[in-house]
Amino acid sequence: MKLQCDVEVVNRLLPTFGMKSRGKGTRAVLSIGKHLDKTSQRSNVYMMICTAKDRAGSKYKLKGNIEKFFTWFVEEGKATVRLKEPAVDICLSKADANSLKNFLSAARLADKGSDASSLPLSTLTPVRARDVEQPKKKLTIVSKKDYPLTSNFPYSLEQLQVSYCKLSRVDMRMLSLKALRKLDLSNNHIKKLPATIGDLGCLSELVLHNNHLEAFSEALCLSTLQRTLQLLDLSQNHLRTLPPQFCQLRELVNLKVDDNELVCLPFHVGRLSKLRFLSAAHNQLTVLPCDFRKLSLENLDLFGNPFVQPNPLDHTLQLTFPLRLQEIASRAVANLRMPYGPHLIPAHLCQDLEVAKTCDCGSACISFYVKTAVSMNLHQVSHTVVLVDDMGGTDAPVQQYFCSLSCYSEFLDSSLQRGIR
């Protein structure tokens with residue numbers, strides 16, 4: 001039985017002499033196995049602790065020698081074994097929770113004097129230097145010849161970059177790195193992202209620049225990435241749309257979608273309230289969603305998109321007279337901010353309400369409206385704006401919805417008066 005973790009051996013007599021322990025663990029390998037006791041000339045079960053400074057290891061007898069186990073935080077990979085002789089506490093941390101539980105179970109059995117044949121014993125031999133190295137936090141691979149084919153990635157990685165390796169898919173071994181905070185898979189040939197990327201509960205930065213992605217799945221938008229992802233780089237791919245659920249990634253601060261084939265941004269992009277940096281240059285955007293007005297950015301780059309010159313007289317009329325009962329009821333739910341969900345109303349009505357539009361008058365409209373586009377100076381939503389075109393402009397068209405013909409008429413009248421002035 002072996003266990004890799006951080007270990008601190010604390011002498012309980014130190015406070016008696018006015019001394020304190022370091023309070024910091026050292027990377028170690030712990031083993032439970034048989035060792036010949038020179039005084040009694042009998043084999044007993046010992047725990048051996050090997051560190052980088054003591055690769056030969058220090059041995060501690062286990063049978064009848066454990067005073068107490070402290071296991072309150074075993075699920076976090078922490079525990080303490082208190083020995084009677086010598087009077088030390090062996091503090092374990094940064095261990096795999098399941099491996100730690102198994103190790104402590106073996107130590108308990110050894111303490112009780114269980115038959116050695118029933119214990120998962122190891123040979124108590126010095127360890128290799130690489131076994132007691134400090135956990136690796138960062139790994140960069142930028143060549144296919146350096147890519148690990150037979151060995152796993154270090155479990156302790158927090159930052160992993162694998163670029164220029166011609167990967168066509170995400171290696172599932174990467175998805176077991178539970179401490180990963182930054183994953184950079186730029187400059188590969190990845191076409192599809194597995195939904196299990198969303199299981200990386202600490203991931204705050206995901207860089208997928210220059211791949212062959214054609215979609216960003218709904219499952220990823222609804223995963224734990226909602227709570228952790230702050231930077232997402234999808235630039236230089238083949239994306240045409242982003243799913244409506246994309247706006248559930250509400251912790252996003254930096255979003256890069258340059259050099260794709262995007263024909264529109266998500267309808268509720270304004271829900272990304274923490275977004276400060278948005279780069280969507282060189283796409284196929286002709287107009288921005290109405291919700292774009294709600295953004296509060298520090299830097300915005302929309303250069304190289306084929307924005308159309310808005311004309312308020314050009315409009316799409318999608319109204320019936322009188323309005324259908326479903327539209328009237330849906331508008332009431334949206335205007336009164338009534339709670340709804342698939343447990344209360346049919347799922348398709350929930351989907352309709354999720355894309356409710358807001359009229360110039362402040363009222364909601366769902367499936368029936370007048371739609372046009374108006375010009376907006378992008379400095380209204382961003383402190384710094386990269387020029388939209390070669391002419392030095394910083395204006396772009398934004399969609400505008402109206403719940404009725406009367407609201408649309410009032411808008412036209414006010415636009416005409418502003419034009420006369």
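The values are calculated or read from the model by the stated rules, or taken from the named source; none is laboratory data. Note that this is a predicted model, so its numbers are computed, not measured. Cβ placement follows ideal geometry from the backbone for every residue including glycine, while neighbour counts extend to all protein chains displayed. Areas reflect the complete protein model, heavy atoms only, side chains present, ligands, DNA and RNA absent. Shrake-Rupley method; radii C 1.70, N 1.55, O 1.52, S 1.80 Å.
Report whether or not Q351 is without any contact (Cβ under 8 Å) to a residue 24 or more places away in the chain, assigned by the TED database to the domain that holds Q326 and not aliphatic (A, V, I, L, M).
For Q351, the condition - without any contact (Cβ under 8 Å) to a residue 24 or more places away in the chain, assigned by the TED database to the domain that holds Q326 and not aliphatic (A, V, I, L, M) - is met.
T241 passes all but one of (1) assigned to a loop (DSSP other than H, G, I, E, B); (2) hydroxyl-bearing (S, T, Y); (3) within 27 Å of R173 (Cβ to Cβ); (4) open to solvent by 40 Å² or more (accessible area, probe 1.4 Å); which number fails?
Failed condition: (3).
Consider A97 against the criteria (1) touching a residue at least 40 places away in the same chain (Cβ under 8 Å); (2) touching a helix residue (DSSP H, G or I) at 6+ places or on another chain (Cβ under 7 Å); (3) open to solvent by less than 30 Å² (accessible area, probe 1.4 Å): it satisfies all of them except one. Which criterion is unmet?
Result: A97 passes all but (1).
If only one of L344, L353, L412 is open to solvent by less than 20 Å² (accessible area, probe 1.4 Å), modelled with pLDDT under 90 and not in a strand (DSSP E or B), which one is it?
Just a single option satisfies the conditions, and that option is L353.
Filtering the stretch 160-183 down to residues that are open to solvent by less than 20 Å² (accessible area, probe 1.4 Å) and assigned to a strand (DSSP E or B), which residue is farthest from L252 (Cα to Cα)?
V162
Which condition number does A334 fail, the rest of (1) within 17 Å of R271 (Cα to Cα); (2) surrounded by 15 or more Cβ atoms within 10 Å (Cβ to Cβ); (3) out of contact with any strand residue (DSSP E or B) (no Cβ under 6 Å at 6 or more places or on another chain) being met?
Tallying (1) within 17 Å of R271 (Cα to Cα); (2) surrounded by 15 or more Cβ atoms within 10 Å (Cβ to Cβ); (3) out of contact with any strand residue (DSSP E or B) (no Cβ under 6 Å at 6 or more places or on another chain), A334 fails exactly one: (3).
Yes or no: E85 touching a strand residue (DSSP E or B) at 6+ places or on another chain (Cβ under 9 Å), surrounded by fewer than 19 Cβ atoms within 10 Å (Cβ to Cβ), closer than 16 Å to R12 by Cα and in the same structural domain as M48 (by the TED database)?
In short, yes.
Can you name the residue in the stretch 140-159 that is open to solvent by 30 Å² or more (accessible area, probe 1.4 Å) and either not in a loop (DSSP other than H, G, I, E, B) or not assigned by the TED database to the domain that holds L185 (or both) and, of all such residues, is nearest to D199 (Cα to Cα)?
Q159
From the set of residues in the stretch 62-114 that are hydroxyl-bearing (S, T, Y) and more than 16 Å from N44 (Cα to Cα), which is farthest from the chain's Cα centre (by Cα)?
Residue satisfying both the conditions and the ranking: S105.
Output yes when any residue across the stretch 310-325 is within 24 Å of L213 (Cβ to Cβ), part of a loop (DSSP other than H, G, I, E, B) and more than 20 Å from the chain's Cα centre (by Cα), and no when none is.
No: the stretch 310-325 contains no residue that is within 24 Å of L213 (Cβ to Cβ), part of a loop (DSSP other than H, G, I, E, B) and more than 20 Å from the chain's Cα centre (by Cα).
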